[in-house]
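K.L.:
Dropping the structure in here first, questions after.
The values are calculated or read from the model by the stated rules, or taken from the named source; none is laboratory data. The structure displayed is predicted, hence computed values, not measured ones. FYI the Cβ positions are ideal-geometry reconstructions off the backbone, even for glycines, and counts take in every protein chain you see. Surface accessibility is based on the protein's heavy atoms, side chains included, excluding ligands, DNA and RNA. Shrake-Rupley method; radii C 1.70, N 1.55, O 1.52, S 1.80 Å.
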Amino acid sequence: MFADSAKIYIRSGKGGDGHVSFRREIYVPAGGPDGGDGGRGGDLIFEVDEGLNTLSDFRFVKKFSAEDGENGGKKRCHGKDGEDLVIKVPEGTVIKDTETGKVIADMSHDNRREVILRGGNGGKGNQHYATPTMQVPKYAQPGQSGKELYVTLELKVIADVGLVGFPNVGKSTLLSRVTNARPKIANYHFTTLNPNLGVVDLDGGDGFVMADIPGLIEGASEGIGLGHEFLKHIERTKVIIHMVDAASTEGRDPIEDINTINAELEAYNEDLSHRPQVIAANKLDVLYGEEEEQAVLKLKNEFEPKGIKVFPISAVSGKGVKELLYYVKELLDSIDTAPIVFEREFFPEELNFSNEPYTVVKEEEHLFAVEGPRIERMLGYTNLDSEKGFEFFQRFLKESGILDELEAQNIQEGDTVRMYGLHFDYYK
């Protein structure tokens, strides 16, 4: 069974708690604190596996949790870090937050491995809290909680060209003729229940990947028929071949069919209506002479003034197919070669941040300190080494009012802001 979507629960590991203990040895009557730190929780990671082509592995296993970090021990023993959990998915899988529908990651092209949820940091043992005035600290830092999230996985096939059209117009027949794909072919509606991919090899040039999208009908974008399940597979394609029964063998009007499908594509994703498109006028082998010419002329008069080229073909005999394929290759060569990748819209680092208090204190001239549980957790979960992570952290400082508070205390450009061991220079 072809599975191209799944809803699962994921959780990163909790950090281990810091330990409270004191040195107890013979002849050492007043041993100091020696509680060890907790281990870090494991990360939740997604990775592309070239050997997978469906999401069927997620039909029965729905919960995935990374290992928690171990608690710290006495004698300054550090707790063991939790094992990362790596979830393997096929290339082209888009990971979305189930609640909002926003994209977290697109596992395609150069993005082969991504940490989705970072494990919680381990808590510090009481050995870190000894001071001249507090030589017997009886407390330690608890480990940070792991992150949890429901995500939806969507497999969007990676193809340069998408074959669309009503059921039974010959898409599978064309794919089987021009590629090594062997889709199921029969003379009834919805023969194709799964997207099929094949590589088109052209003489004297590079080929391209073509996908046969299961037949669409009116209302597909609203969930009618089978099309709603597979419209997502068209989103990565750069050129659309719109296949139509130009001979009207089933009594349908080919022009009306094309306009109907285009309306469904636009309703699903407006961007699809701007993709380069070419019309493959199929099944002309059943017409002869003037009937064939009239059928082709009718389509050309309607669509070629709109910039959509019409090619009369026969997927069965192969007539006109070569010309169609070379024209499609020219279209592909003339447009942007960058792969279609879905931009990240959702940052798991934003999860579960309540309106907890924070303090902004001017410690010295040109030195300010910002502290609070919310800031500490933010620093623990945000990767400041990445450009997007640092941009998110800056947005957090602005939206939480911390920057306004610093300015209210007359911070100047070049002053230093200290946050839990990290130091930042302030610039507007």
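K.L.:
Answer yes if at least one residue in segment 276-283 is hydrophobic (A, V, I, L, M, F, W, C), open to solvent by 40 Å² or more (accessible area, probe 1.4 Å) and within 22 Å of residue 250 (Cα to Cα), and no otherwise.
P.N.:
No: segment 276-283 contains no residue that is hydrophobic (A, V, I, L, M, F, W, C), open to solvent by 40 Å² or more (accessible area, probe 1.4 Å) and within 22 Å of residue 250 (Cα to Cα).
K.L.:
Which residue, of 346, 392, 342, is in a helix (DSSP H, G or I), modelled with pLDDT of 75 or more and closer than 22 Å to residue 114 by Cα? Please lay out each step first, then the result.
P.N.:
Details: 346 fails: in a helix (DSSP H, G or I); 342 fails: in a helix (DSSP H, G or I).
None of the other options fit; the residue is 392.
K.L.:
Also: For residue 41, all conditions in the list (1) touching a strand residue (DSSP E or B) at 6+ places or on another chain (Cβ under 9 Å); (2) at pLDDT 85 or above; (3) open to solvent by less than 60 Å² (accessible area, probe 1.4 Å); (4) outside any strand (DSSP E or B) hold save one; what is the number of the exception?
P.N.:
Of everything listed in (1) touching a strand residue (DSSP E or B) at 6+ places or on another chain (Cβ under 9 Å); (2) at pLDDT 85 or above; (3) open to solvent by less than 60 Å² (accessible area, probe 1.4 Å); (4) outside any strand (DSSP E or B), residue 41 misses just condition (1).
Conditions (1) within 18 Å of residue 128 (Cβ to Cβ); (2) open to solvent by less than 50 Å² (accessible area, probe 1.4 Å); (3) part of a loop (DSSP other than H, G, I, E, B); (4) at pLDDT 90 or above, marked per residue:
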| site | (1), (2), (3), (4) |
| --- | --- |
| 1 | no, no, yes, no |
| 10 | no, yes, no, yes |
| 13 | no, yes, yes, yes |
| 20 | yes, no, yes, no |
| 36 | yes, yes, yes, yes |
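K.L.:
I'd like to verify a number: residues in segment 44-68 that are surrounded by fewer than 20 Cβ atoms within 10 Å (Cβ to Cβ) and part of a strand (DSSP E or B), how many?
P.N.:
Total satisfying the criteria: 6.
K.L.:
Given the structure, is residue 81 without any contact (Cβ under 8 Å) to a residue 40 or more places away in the chain and open to solvent by 70 Å² or more (accessible area, probe 1.4 Å)? Steps first, answer last, please.
P.N.:
On the way: without any contact (Cβ under 8 Å) to a residue 40 or more places away in the chain: no; open to solvent by 70 Å² or more (accessible area, probe 1.4 Å): yes.
The answer is no for residue 81.
K.L.:
Could you count how many residues in segment 112-125 are buried (at least 22 other Cβ atoms within 10 Å of the Cβ) and either charged (D, E, K, R) or at pLDDT below 85 (or both)?
P.N.:
So the count comes out to 1.
K.L.:
I've got another one for you. Select from segment 358-383 the residues that are aliphatic (A, V, I, L, M), touching a strand residue (DSSP E or B) at 6+ places or on another chain (Cβ under 8 Å) and under 28 Å from residue 42 (Cβ atoms) and write down the one among them that is modelled with the lowest pLDDT.
P.N.:
379
K.L.:
When only residues in segment 247-260 that are modelled with pLDDT under 85 and not acidic (Asp, Glu) count, which is least open to solvent (accessible area, probe 1.4 Å)?
P.N.:
That would be 247.
K.L.:
Separate question: Go over the candidates 299, 272, 325 one by one and state the one that is open to solvent by less than 80 Å² (accessible area, probe 1.4 Å) and at pLDDT below 85.
P.N.:
Working: 299 fails: at pLDDT below 85; 325 fails: at pLDDT below 85.
Just a single option satisfies the conditions, and that option is 272.
K.L.:
So residue 71 ticks every box in (1) at pLDDT 90 or above; (2) surrounded by fewer than 22 Cβ atoms within 10 Å (Cβ to Cβ) but one. Which box is left unticked?
P.N.:
Going through the list (1) at pLDDT 90 or above; (2) surrounded by fewer than 22 Cβ atoms within 10 Å (Cβ to Cβ), residue 71 breaks only (2).
K.L.:
Among the residues of segment 94-151, which ones are more than 19 Å from residue 43 (Cβ to Cβ), in a loop (DSSP other than H, G, I, E, B) and under 13 Å from the mean Cα position of the chain (by Cα)?
P.N.:
The answer is 98, 101, 102, 108, 109, 110.
K.L.:
What is the residue count in segment 302-311 for residues that are under 12 Å from residue 278 (Cβ atoms) and surrounded by 13 or more Cβ atoms within 10 Å (Cβ to Cβ)?
P.N.:
Total satisfying the criteria: 5.
K.L.:
Give the number of residues within segment 276-307 that are in contact (Cβ under 8 Å) with a residue 40 or more places away in the chain and not in a helix (DSSP H, G or I).
P.N.:
6
K.L.:
So, one more: When the residues of segment 152-170 are narrowed to those that are open to solvent by less than 10 Å² (accessible area, probe 1.4 Å) and of a type outside the set (A, V, I, L, M), which ends up nearest to the chain's Cα centre (by Cα)?
P.N.:
At the first step, the residues of segment 152-170 found to be open to solvent by less than 10 Å² (accessible area, probe 1.4 Å) are 153, 155-156, 159, 161-165, 167, 169.
Next cut, of a type outside the set (A, V, I, L, M) only: 156, 162, 165, 167.
Details: 156: 10, 162: 21, 165: 27, 167: 30 Å.
For segment 152-170, the residue satisfying everything is 156.
K.L.:
Related question: Among the residues of segment 407-427 satisfying the criterion of being aromatic (Phe, Trp, Tyr) and assigned to a loop (DSSP other than H, G, I, E, B), which is surrounded by the fewest Cβ atoms within 10 Å (Cβ to Cβ)?
P.N.:
427
K.L.:
A follow-up question, please. Is there a residue in segment 179-188 that is surrounded by 18 or more Cβ atoms within 10 Å (Cβ to Cβ), in contact with a helix residue (DSSP H, G or I) (Cβ under 9 Å, 6 or more places away or on another chain) and at pLDDT below 65?
P.N.:
Checking segment 179-188: at least one residue is surrounded by 18 or more Cβ atoms within 10 Å (Cβ to Cβ), in contact with a helix residue (DSSP H, G or I) (Cβ under 9 Å, 6 or more places away or on another chain) and at pLDDT below 65.
K.L.:
Does residue 355 satisfy being polar (S, T, N, Q), at pLDDT below 80 and open to solvent by 20 Å² or more (accessible area, probe 1.4 Å)?
P.N.:
yes
K.L.:
Could you list all residues from segment 385-406 that are exposed (fewer than 13 other Cβ atoms within 10 Å of the Cβ) and among the acidic types (Asp, Glu)?
P.N.:
Once the filter is applied, which keeps residues that are exposed (fewer than 13 other Cβ atoms within 10 Å of the Cβ) and among the acidic types (Asp, Glu), segment 385-406 yields 385, 387, 391, 399, 404.
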